[in-house]
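Below: the structure, in structure tokens.
The values are calculated or read from the model by the stated rules, or taken from the named source; none is laboratory data. Quantities reported herein were computed from a predicted structural model and do not represent experimental measurements. Here the Cβ is made from the backbone with ideal geometry for all residues, glycine too, and neighbour counts use every protein chain on show.
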Amino acid sequence: MGKLAVIAIGGNAILQTDERGSYSEQLENVRITCSHIVDLIERGHRVVLTHGNGPQVGNILLRNEMAENRVPAMPMDVCVAESQGQIGYMIQQTLDNILQARSIDCRVSSLITQVVVAEDDDAFEEPTKPIGPYYTEEEARRFSSEKKWDMMEDSARGGYRRVVPSPEPVEIIESETIKSLLECVGDHQIIIAAGGGGVPVVRTAEGILGVDAVVDKDMASQVLATSLGAELLLMLTDVEMVSLNFGKPDQKDLSTITVLEARKYLREGHFPPGSMGPKITAAVRFLESGGSQAIITTPEFVIPALEGERGTRIVSG
């Protein structure tokens, strides 16, 4: 069997910040991203895909609020599950079409995935995970006052976004199911799992229960990749490389960094929790848990990044 890669597709690789979010816009973005992923499959990699849902689940919640006088609103965990179905369907169908066009014998399956978090996680008291569209400063102040939303500025991308609790993923409930699928079908199976970081749940005396939060998809991807024994964790985002002092005159792009350097930069505050921080943390944990390499780049540079020509590579040391 080929090497196993867990590929985390960023929510902005599905919906760009300057787009309205129509189905045709999202489908075209998915098509472009999936074509680069199939390039990797053609090189012999086995693939498990995860994906973000920040813009999508934010829009689902917004529709909830706009229609709450007509249709009962669903809790956030149900909205995350809804986004898994929506995005998983687009990725699954698109991948199937590209694989067929290239005469590659491979099946694609999407799996509604639950991720266990701790009930007492501090994140429930300090929301940091951005969801939904970007707002102006005036809109952010109004929504903070009227809707009691927690808002955070994303200065690099020019706007404010709603933030919600993002507890640490502890366990992927369906990881054994994913392992079984990979073992049974091997190189001929692609699995889409842990969409949007997975549906956040807690274990209680009454069983598994959903909670009002969104798990970071890169952190969940690391837990999944480690549990599957993957060799590669590939995180696709909207910037080609990781940088120090991002967006400033003294910006410094990083082509390769060690785990030790990554931890140092995290301590120094170079990677905020609402943007690059979770990716770097996920990469560090993956490598410290036995993974071979972690890469952060954009979809179009997947192959050059694997060859060390583009993107940022995080390595042991």
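Could you list, in sequence order, the residues of region 62-107 that are in contact (Cβ under 8 Å) with a residue 60 or more places away in the chain, in a loop (DSSP other than H, G, I, E, B) and either of a type in the set (Ser, Thr, Tyr) or closer than 30 Å to His188 by Cβ (or both)? Can you show your working first?
Let us first name the residues in region 62-107 that are in contact (Cβ under 8 Å) with a residue 60 or more places away in the chain, namely 62, 65, 75-78, 80-81, 83-84, 87-88, 90-92, 94-95, 98-99, 102, 104-107.
Applying the additional criterion that residues be in a loop (DSSP other than H, G, I, E, B) yields 75, 102, 104-106.
Those that are in contact (Cβ under 8 Å) with a residue 60 or more places away in the chain, in a loop (DSSP other than H, G, I, E, B) and either of a type in the set (Ser, Thr, Tyr) or closer than 30 Å to His188 by Cβ (or both): Arg102, Ile104, Asp105, Cys106.
Can you tell me which of Ile172, Ile178 is within 17 Å of the chain's Cα centre (by Cα) and either among the hydrophobic types (A, V, I, L, M, F, W, C) or exposed (fewer than 14 other Cβ atoms within 10 Å of the Cβ) (or both)?
The conditions single out Ile172.
Strands (runs of 3 or more DSSP E) wholly in region 211-314 with at least 2 residues that are β-branched (Val, Ile, Thr) and at pLDDT 95 or above - which ones?
256-258, 293-297
Spot the failing condition for Val115; the list is (1) among the aliphatic types (A, V, I, L, M); (2) at pLDDT 90 or above; (3) not in a strand (DSSP E or B), and only one is missed.
(3)
Could you identify the single residue in Val57, Val78, Val38 that is β-branched (Val, Ile, Thr), in contact with a helix residue (DSSP H, G or I) (Cβ under 6 Å, 6 or more places away or on another chain) and more than 17 Å from Asp218 (Cβ to Cβ)? Walk me through it before giving the result.
On the way: Val57 fails: more than 17 Å from Asp218 (Cβ to Cβ); Val78 fails: in contact with a helix residue (DSSP H, G or I) (Cβ under 6 Å, 6 or more places away or on another chain).
After ruling out the rest, the residue left standing is Val38.
Name every residue in region 278-317 that is buried (at least 16 other Cβ atoms within 10 Å of the Cβ), more than 20 Å from Asn29 (Cβ to Cβ) and polar (S, T, N, Q), in order of residue number.
Those that are buried (at least 16 other Cβ atoms within 10 Å of the Cβ), more than 20 Å from Asn29 (Cβ to Cβ) and polar (S, T, N, Q): Thr281, Gln293, Thr312.
Based on what the data block shows, is Gly210 closer than 21 Å to His51 by Cα and either buried (at least 21 other Cβ atoms within 10 Å of the Cβ) or touching a Cys at 6+ places or on another chain (Cβ under 9 Å) (or both)?
no
Looking at region 22-41, which of its residues are free of Cβ contacts under 8 Å to residues at least 60 places away in the same chain and in contact with a Leu (Cβ under 9 Å, 6 or more places away or on another chain)?
Glu25, Asn29
Exactly one condition in (1) hydroxyl-bearing (Ser, Thr, Tyr); (2) out of contact with any Lys or Arg (no Cβ under 6 Å at 6 or more places or on another chain); (3) surrounded by 15 or more Cβ atoms within 10 Å (Cβ to Cβ) is not met by Ser109; state its number.
(3)
One line per residue, one yes/no per condition, for (1) loosely packed, with under 14 Cβ neighbours inside 10 Å; (2) under 16 Å from Leu61 (Cβ atoms); (3) touching a His at 6+ places or on another chain (Cβ under 9 Å):
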position	(1), (2), (3)
Val71	yes, yes, no
Ile87	no, yes, yes
Gln93	no, no, no
Gln100	yes, no, no
Asp121	no, no, no
Thr128	no, no, no
Arg141	yes, no, no
Pro165	no, yes, no
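Across region 142-196, what is the total count of residues that are part of a helix (DSSP H, G or I) and closer than 24 Å to Ile131 by Cα? Spell out how you get there, then give the answer.
Start the filter on region 142-196 by keeping residues that are part of a helix (DSSP H, G or I), which leaves 142-146, 175-188, 195-196.
Narrowing further to those that are closer than 24 Å to Ile131 by Cα: 142-146, 195-196.
Going through region 142-196 one residue at a time, the tally reaches 7.
Which of the residues spanning region 15-58 are under 21 Å from Gln114 (Cα atoms) and in a helix (DSSP H, G or I)?
The answer is Gly54, Pro55, Gln56, Val57, Gly58.
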